[in-house]
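Participant: I have a structure I would like to understand better, so I am pasting it below and will then ask my questions one at a time.
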Amino acid sequence: MSQPAPVTKIWIMRDYPKCSGCRLCEVACSLKHEGKIWPEASMVRVFMQTPGVEVPHLCTQCSDYPCVNSCPTKALSVNQTTGAVAVDNEKCKACGICIKACPGKIPHLHPDRKRIVICDLCGGDPQCAKVCTAMGFNTLMIYPRVPDITYNLYAKTPADLTKNLAYKFYGEKAKELI
């Protein structure tokens, strides 16, 4: 009997200008983790703060994991196999300190339970990226994680990401939209 292949640490690359705003990533995530379509409970959220500018927002697995290091109850840890942040629902008190510590304010409260929601990379098989790629949008794509690269630059708030994209799409006119 052969051993299962080891899971390679992965990262979900984001090509924000390609996002159509279809929100299939939210649907795939909530189906995987909640067993039903429930975008509010999804670990990936799509924000539209400016018309025509859609921003998928999910954990970047920062190199220094500020959310994990800030948790007073040690409810957050790093899955050593995937590199994703894991939430111990029994220990999590939903205090929100991890949200404040995250440069992108990515963790959020689950809408029905007292716990934090953070992308767990679906155990190494991210459904959000699979559906995005299958539909041809290629906004979210799975790549092997490179140890010497910092992914923290993607840890931005939806407002910051939207502002950057609006300038790219609309130029100086973006000042009127934001």
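Participant: So what's the net charge close to Ile10: Lys and Arg +1, Asp and Glu -1, counting the other residues with Cβ under 11 Å from its Cβ?
Facilitator: Residues close to Ile10 contribute a combined charge of +1.
Participant: Could you tell me the relative contact order of the range 65-165? Use alpha-carbon pairs under 8 Å, at least six residues apart, and round to a whole percent.
Facilitator: 21
Participant: Treating only the Cβ of Lys, Arg, Asp and Glu as charged (+1, +1, -1, -1), what charge dipole size does the chain show about its Cα centre? Round to the nearest 20 debye.
Facilitator: So the magnitude is around 220 debye.
Participant: Okay, next question. Multiplying the sequence separation of Asp15 and Lys168 by 0.36 nm and subtracting their Cα-Cα distance, what value in nm do you get?
Facilitator: 53.8 nm
Participant: In the set (i) 14.0; (ii) 11.7; (iii) 10.0, which value of mean projected area of the Cα convex hull in nm² was calculated from the structure you see?
Facilitator: Computed from the coordinates, mean projected area of the Cα convex hull in nm² corresponds to (ii).
Participant: Then there's this: Taking the mean number of other Cβ atoms within 10 Å as a proxy for protection, how do you rank 57-64, 90-97 from highest to lowest?
Facilitator: Packing order, densest peptide first, comes out as 57-64, 90-97.
Participant: Oh, and also: Phe47: net charge of surrounding residues, Cβ under 14 Å, Lys/Arg +1, Asp/Glu -1, itself excluded?
Facilitator: Charge balance near Phe47 sits at +2.
Participant: Could you work out the relative contact order of the chain? I mean the mean sequence separation of Cα pairs under 8 Å and 6+ apart, divided by the number of residues, in percent.
Facilitator: Computed value for the chain: 29 percent relative contact order.
Participant: Using amide H atoms built 1.01 Å from N in the peptide plane, name the residues 5+ places from His108, or on other chains, whose amide H lies under 5 Å from its own.
Facilitator: Correct list: Val117.
Participant: Taking amide H positions as placed in the peptide plane 1.01 Å from N, state which residues far from Ala86 in sequence (5 or more) or on other chains have amide H under 5 Å from it.
Facilitator: Under 5 Å from the amide H of Ala86: Ser77, Val78, Asn79.
Participant: When the dipole is taken about the Cα centre of the range 59-120, and only Lys, Arg (+1) and Asp, Glu (-1) are charged at their Cβ, what size is it in debye, to the nearest 20?
Facilitator: Computed charge dipole of the range 59-120: roughly 240 debye.
Participant: Okay, next question. Search the structure for amide H atoms under 5 Å from the amide H of His57, placed 1.01 Å from N in the peptide plane, and list their residues when 5 or more places away or on another chain.
Facilitator: Arg45, Val46, Phe47
Participant: If each of Cys95 and Asp148 carries a label point 7 Å out from its Cα toward its Cβ, how far apart are those two points in nm?
Facilitator: 3.8
Participant: What are the ³J(HN,Hα) values, in whole Hz, obtained from phi via the Karplus relation 6.51 cos²θ - 1.76 cosθ + 1.60 with θ = phi - 60°, for each residue of the range 126-131 in sequence order, with x given for Gly and Pro?
Facilitator: Whole-Hz 3J(HN,Hα) from phi for the range 126-131: x, 5, 4, 5, 5, 6.
Participant: Would you mind counting up the charge near Cys92? Only other residues with Cβ under 12 Å from its Cβ, with Lys and Arg at +1 and Asp and Glu at -1.
Facilitator: Taking every Cβ under 12 Å from that of Cys92, the sum is +4.
Participant: Of Val44, Ala129, Ile97, which is farthest towards the positive pole of the range 17-143's charge dipole, taken about the Cα centre with +1 and -1 on the beta-carbons of Lys, Arg and Asp, Glu respectively?
Facilitator: Checked the options; the winner is Ile97.
Participant: For the residues Ile149, Ile142, Ile118, what sequence is obtained by ranking on other C-beta atoms within 10 Å, fewest first?
Facilitator: Ile149, Ile142, Ile118
Only the coordinates and a few stated rules stand behind these numbers; no lab work does. The model shown is predicted, which means the values in this text are computed figures rather than measured ones. All Cβ positions, glycine included, derive from the backbone under ideal geometry; neighbour counts span all protein chains shown.
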